[in-house]
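**Student:** My questions all concern the structure below.
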Amino acid sequence: MRELQVNKFSGHAILKIFFVLMGLLISFAQGQNRKTIAVLNFDNNSIADRDQMESLRKGLADMLSTEMSQIQAFKVVEREKLQDLLSEISLGQSGAIDPASAQKVGRLVGAQTLLLGSFINMFGGKMRIDVRIVEVETGLTLKAVEESDKVDKLFDMVKKIAKKIAKFYKIKITKNDRKRMEQRKGSDTFEATMLYSKGLDFSDLARSKLKTGDKQAAKTYFQKAQESFREALEKSKNYQDAREKLQEVQVALQNL
C-alpha cells in the first residue's frame, strides 16, 4: 500500500514538473519568436496647420511604440534609443527620413521590421494616419494600414493600427495583451496629445544638451518638458504616458 502511495505521489510530482517545463519551453519559444520592430518618427503631410503639427511626428511614433509594446509577441525598440541614433546621424530634428536611411537605422538597432508612419491633419477637425510595415532586410513594404477619425480620437486610432499590424502578422492578441491594452489610459483630447508631443521634443533636446555637457540648457529644456507633460495631464486626467514622462523628467531634474 505504501509503495502504491509513493508511486502515486511520484506520478503527480512528475506531471507537475512536466507541465512546469512545458510552460517554460512555451515562454522561451515565444521569447525567441518575438518580432523586433522599430517605429520611426511620422511624416507630417498635414493640409491644415502644418507647422503647428510638427511635434506630433514624435508623439504619434511614441504612442504607436507604446501600444505595440503591450502585445507580448512584439519587441519594440525604445524611442529614446532610436532618437539618440537619429541624432548621431543628423536626422533627429529633420523632416522625412529617406528609405535608405530608414533601412540603415533599422539594421543598427537590430530591428526586423520598421513601422513608417505619416499623418494628415485635415480640415473639419479630422486626421488620417497611415503606417507602412517595412521589412528591414529588403526594404520592401509588406503592408500599408490606415485609420481616419476626429483628432480627439487619436489614441483609439493608434490602438486600431496596432491591432491591424498584429493581424497582418497573424499574431493572436492574448487575454493578457488585451488586458494591458484596455487598462492603459491615453489622451482623450487633441490638446493634451499635442502638449505631450511637445514635451517629448523638449525632453529630447534636454538629453542632447546633457550629452554635450551643457547642464544649464538641459535644465531649461527639462523644465519646459515638465510644464508640457503637466499641462497634458491637466487636459486629460488619466493620461498614463504623460504621467510617466512627467515623473521621468522630475527625476532627471533632481539628478542635475
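**Student:** Can you put K81, K224 in order, fewest other beta carbons within 10 Å first?
**Tutor:** K81, K224
**Student:** Still on this structure, I have one more. Specify the inter-centroid distance of the stretch 99-124 and the stretch 143-197, based on alpha-carbon positions, in whole Å.
**Tutor:** So the two Cα centres are separated by 17 Å.
**Student:** What translational D, rounded to a whole number of µm²/s, comes out for the stretch 35-184 from Stokes-Einstein when the hydrodynamic radius is the Kirkwood one over Cα pairs, at 37 °C and 0.692 mPa s?
**Tutor:** The Stokes-Einstein estimate is 211 µm²/s.
**Student:** Determine the shape class of the stretch 185-256: with a ≥ b ≥ c the square roots of the Cα gyration tensor eigenvalues, call it rounded for a/c under 1.5, and otherwise prolate if a/b is greater than b/c, oblate otherwise.
**Tutor:** prolate
**Student:** For the stretch 55-132, state which GluC sites (Glu not before Pro) are in a DSSP loop and have at most 14 other beta carbons lying within 10 Å of their beta carbon.
**Tutor:** Sites meeting the loop and neighbour criteria: E78.
**Student:** Once phi is turned into θ = phi - 60°, what whole-Hz ³J(HN,Hα) does the Karplus curve with 6.51, -1.76 and 1.60 give for every residue of the stretch 113-130, x standing for Gly and Pro?
**Tutor:** Each residue of the stretch 113-130 in turn: 9, 10, 10, 10, x, 8, 9, 10, 7, 9, 6, x, x, 10, 9, 10, 10, 10 Hz.
**Student:** With +1 assigned to the C-beta of every Lys and Arg and -1 to the C-beta of every Asp and Glu, and no other charges, what is the dipole magnitude of the stretch 35-184 about the Cα centre in debye, to the nearest 20?
**Tutor:** It comes to approximately 900 debye.
Every number in this text was worked out from the coordinates using simple rules, so none of it is lab data. Here the structure is a predicted model, which is why all the values come from computation and not from measurement. Cβ: placed from backbone, ideal geometry, glycine included. Neighbour counts: every protein chain shown.
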